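Structure first, commentary second.
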Amino acid sequence: MSDKKENLVSCVVNGKSVTVSKNTSIIKAFKAAGEDIAHYCYHPGLSVAGCCRLCMVEIEGNPRTQIACNTMVAEGMKITNQSEKIKEDVQWGLDFHLLNHPLDCPICDQAGECGLQEQYMKFGQYEPEMNQNKVKKNKVVSLGEKIVLDTERCILCSRCVRFTDEVSKTHELGIFNRGDRSEVGTFNGKELNNDYALNTVDICPVGALTSKDFRFKQRVWYLKRAEAICTGCSTGCSIYLDYNDEGFFRVMPKPNENNNSYWMCDEGRDLYQHLNPKKRLVQVCPSQSINASSSEEAVQGLKTTLENITDKTKVGVLVTGQYSVEDYQAFFSSIKEKTSIEKVYHWFDQKNSENDFDDLLIRGDKNPNTKGLLSVTKDLSLNLVDSLELKNTASHLDVLIVLGPEYNKFFSTLDEKIAMFKKAGQVFYFSSVKLEALDALSNVTQIPLPSLVERGGTYINYKGLEQKVAILPKVISGILNFSEIAKVLRGEKVQLEPVFLKTQKVKDNQFNFQKK
Amino acid sequence: MKVNHNIKSYFLLSIFSGMKFTFIKMIKNLFNKKKMITLNYPEEKYSYGPRFKGNHILTVKKDGSLRCTACMLCATNCPAQCIRITADEHQDSSVEKYPISYEIDILRCVYCGFCEEACPVDAIRMGPEWQTPDTNGSQFTYDIRYLAHRSQLKGGVESSLDDHERHNWGI
């Protein structure tokens, strides 16, 4: 206990006293006290560079102002960033940052979430004292498939350079030239195409690095933010989903020290596309023998099919690890009531690469909830067997119920499985994502599901961390979630919620620019 | 029954005094057409001064291309939410961003001029035109072609601010 006390120091931040551990920087003490402090080059996930000079603080007894990111807290320090001296310092600092910064705000993608804009409104608003022209640099530099660089907007905080050096360890970026001609660039025209490259866009405090995918799609002030988890692999990074009533637009990592720190991989950022109607399975595609026009009627069809089967061993259930714990519980318990099945086939593609790991975030198991599936089947005393067994026995099945993959590209045995569906009697394929290869099969009924954020629920990642996904309103009308499916299978009535997505206008008057 | 003998209750008198005014005006108009204060719309049209906030205009640069950068500030500032813009990447990297569609639902517009106020690049103005009647419902959504290049604008109105000039001035 005494050991612990020795490692603690207390200080006063803007009049609030806080106790932090030794060797904590002042900026962290500010965060601990819940006080606002401006910073561009400092990032909690990267090393300290101390080059933006905006996190200035005044320490009592010290005649000079100091930067908070590289000064450590000492016992009894009295620190403030609200004095007139600091305000003047920050103003001059901003003046310096904005010397060559272009007035690009109408075009810049970062407008609305730019640190410079916010800080200028708070402390700046000075009369510029430079009468020289601004230094012009390269504007739209493509850094690879995903990122565009604008060297004029860059304030040389070096966050992106430190990211490629310290986190992704790919070392693509560097700062070249001297003085006001220095700019960020890549070595020998090498492209910034690593698996984590888009994190540099997130950490860029101005609009110098922008994502080609999100660029000019939406202004950030039109977007609302929901918390979810990425379902691209078993890491299950915490994410923010940016959306509005026109659809989902962007995925950004949510800082989570227990799991993904401040980062996420680029593959996971495609998640939002699977939530928009374009990639979704929008309506029921009935098979020849099932007559259904809505999701509810299709599930009714499944119910009557199951009731008509006398030999219960002729029913198979094939599941992927892509759904939440609550989904599995609702689905399996209702199916068990109807058929009293004892075993469930597990569609798990990543047998060989299951334990792969790239030492940062990406894991070989591409299912976000394999652990959850295992625990639910165990609780309900269902036997989870490998789907390879199904290969030979599929032709004996009268009914095969499939909880299909949400992200088809990770499932390499998709074609094999589709060939297998042909052999079974009736196939009921549940998924939120469209799988076009199934349209040709006459015995498959495709039933749409709500997407990740419309279903919500709990996901358990590779190390057993349980994470909740918030429920957002539905974007496609007339589809049942798992608890509603369970209700229909039990013969109860369901009432569906209205949808929130605006119907997109057909843009027939698009203006095409002809170069002169 | 009590009768109100107030002179105003004799409505016939009021009618005659009104008719007197009408006849005087009619006779004046018949003999002095030039001083007539009414217009024979639509043959005769009244034009307001250039500061009148009438129908919207999207200004153009010197080369005839649109000045708008699709920053969405007009759409954000619009209290009637009648502006709808879709932005896209421009082939010319010095332009970067431009609107591929710009629509104003003129039936919702309240002519407040906030779009004009919000525009940082002088891309949208409200001009002296004020006639909005039409026969077809779909005509009340003004698209990019109408806003920038309708025949009344004679090739488009030039904005006072040009990218090239700005660039040459070093700002």
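Per residue, what volume in Å³ does the convex hull of the Cα atoms of region A:229-274 enclose?
About 60 Å³ per residue, rounded to a whole number.
How would you rank A:291-304, A:168-181, highest first, on the average number of other Cβ atoms within 10 Å across their residues?
Per-residue Cβ counts within 10 Å, averaged per peptide and sorted highest first, yield A:291-304, A:168-181.
Output needed for region B:27-171: three equivalent-ellipsoid semi-axes, defined as square roots of 5 times the C-alpha gyration tensor eigenvalues, in descending order, whole Å.
Gyration-tensor ellipsoid for region B:27-171: 35, 18, 14 Å.
Using DSSP, restrict attention to beta bridges with both residues in chain A and report what percent are antiparallel, rounded to the nearest 5.
Approximately 65 percent, going by the DSSP bridge assignments.
Using a 1.4 Å probe, what is the accessible area per residue for chain A, in Å²?
Each residue of chain A exposes 46 Å² on average to a 1.4 Å probe.
Over region A:7-58, what per residue volume does the convex hull of the Cα atoms give, in whole Å³?
83
Using a cut-off of 13 Å between beta-carbons, work out the net charge of the residues near A:Ile418 (Lys and Arg +1, Asp and Glu -1, A:Ile418 not included).
Local net charge: 0.
Kirkwood Rh over alpha-carbon pairs of region A:197-329, then Stokes-Einstein at 37 °C and 0.692 mPa s: what D in µm² s⁻¹, rounded to an integer?
181
Keeping the other protein chains in place, figure out the carbon and sulfur percent of the accessible area of the protein assembly as shown, with a 1.4 Å probe.
Roughly 51 percent, rounded to a whole number.
So how much accessible area does A:Lys136 have, in Å² to the nearest 10, using a 1.4 Å probe?
My reading of the accessible area for A:Lys136 is about 80 Å².
Compare A:Cys105, B:Cys82 by solvent-accessible area with a 1.4 Å probe and give them largest first, with all protein chains kept in place.
Largest accessible area first, the list is A:Cys105, B:Cys82.
Using modelled amide H (1.01 Å from N, peptide plane; none on Pro or chain starts), what sits under 5 Å from the amide H of A:Cys69, excluding residues fewer than 5 places away?
It is A:Ile27, by chain and number.
Using only the alpha carbons of region B:1-113, determine the length spanned along each of the three principal axes and report them from longest to shortest in whole angstroms.
84, 46, 19 Å, listed from the longest principal axis down.
For region A:359-426 and region A:134-182, what is the separation of their Cα centres, given in Å?
Between the Cα centres of region A:359-426 and region A:134-182 lies a distance of 44 Å.
Which percent, nearest 5, of DSSP beta bridges in region A:276-433 are antiparallel?
10
Tabulate in residue order the Karplus-calculated ³J(HN,Hα) for region A:470-483, using 6.51 cos²θ - 1.76 cosθ + 1.60 with θ = phi - 60°, rounded to whole Hz; enter x for Gly and Pro.
Residue by residue, region A:470-483 yields 6, 9, 9, x, 6, 9, 10, 7, x, 10, 9, 8, 5, 5 Hz.
Not counting ligands, DNA or RNA, and with a 1.4 Å probe, what is A:Ser211's accessible surface area in Å² rounded to the nearest 10?
The value for A:Ser211 is about 20 Å².
Mind checking the mean number of beta-carbon atoms from other chains within 10 Å of the Cβ atoms in B:57-70?
2
Can you spot the lysines whose alpha carbon is less than 17 Å from A:Lys468's alpha carbon? Ignore those fewer than 8 places along the same chain.
List returned: A:Lys254, A:Lys371.
Across 20 Å bins from 0, what is the distribution of all Cα-Cα pair distances for the protein assembly as shown, in whole percents?
Final binned percentages: 14, 35, 31, 14, 5, 0.
Given H placed on each backbone N at 1.01 Å, which residues far from A:Thr445 in sequence or on other chains put an amide H within less than 5 Å of it?
A:Ser287, A:Val427, A:Phe428, A:Tyr429
May I ask for the accessible area buried between chains A and B, both sides summed, probe 1.4 Å, to the nearest 100 Å²?
2900
Whose amide H sits under 5 Å from the amide H of B:His90, counting only residues 5 or more places off or on another chain, with H placed in the peptide plane?
Long-range HN contacts for B:His90: B:Glu96, B:Lys97, B:Tyr98.
Under 12 Å from the Cβ of A:Lys122, count the other residues' Cβ atoms, weight Lys and Arg +1, Asp and Glu -1, and hand me the total.
Around A:Lys122, the surrounding residues sum to -1.
Counting only helical runs of four or more DSSP H residues, what would the 222 nm mean residue ellipticity of the protein assembly as shown come to if each run contributes -39,500 (n - 2.57) and the total is spread over all its residues?
Rounded to the nearest 500, it is -6500 deg cm²/dmol.
Dimensions of region A:84-133 along principal axes (Cα, Å, largest first)?
33, 26, 13
As I understand it, the value is the acute angle between the Cα axis of helix B:11-31 and the longest principal axis of the Cα atoms of chain B; what does it come to in degrees, rounded to 10?
Relative to chain B, helix B:11-31 is tipped by roughly 60 degrees.
Report, in whole Å, the centroid distance computed from the Cα atoms of region A:48-125 and region A:278-328.
Between the Cα centre of region A:48-125 and that of region A:278-328, the gap is 59 Å.
Would you compute the Debye intensity of region A:408-466 from its alpha-carbon atoms alone, equal scatterers and no solvent, and pass along log10 I(q)/I(0) at q = 0.14, 0.30 Å⁻¹ to two decimals?
Summing over Cα pairs of region A:408-466 leads to -0.53, -1.26.
Of all beta bridges DSSP finds with both residues in region A:1-116, what is the antiparallel percent, to the nearest 5?
85
Can you flag which of A:Lys314/A:Lys423; A:Lys212/A:Lys409; A:Lys303/A:Lys351; A:Lys224/A:Lys279; A:Lys169/B:Lys97; A:Lys224/A:Lys474 are past 23 Å Cα-Cα?
Correct reply: A:Lys303/A:Lys351; A:Lys169/B:Lys97.
Hey, which aspartates and glutamates would be in cross-link range of A:Lys137, C-alpha to C-alpha under 12 Å, not counting anything within fewer than 8 residues on its own chain?
A:Asp150, A:Glu152, A:Asp180, A:Glu183
The values are calculated or read from the model by the stated rules, or taken from the named source; none is laboratory data. Given the structure is predicted, the values throughout are model-derived calculations rather than measurements. Reconstructed Cβ throughout: ideal geometry from the backbone, glycine too, with neighbour counts over all protein chains shown. We work out accessible area using only protein heavy atoms, side chains counted, and drop any ligands, DNA or RNA first. Shrake-Rupley method; radii C 1.70, N 1.55, O 1.52, S 1.80 Å.
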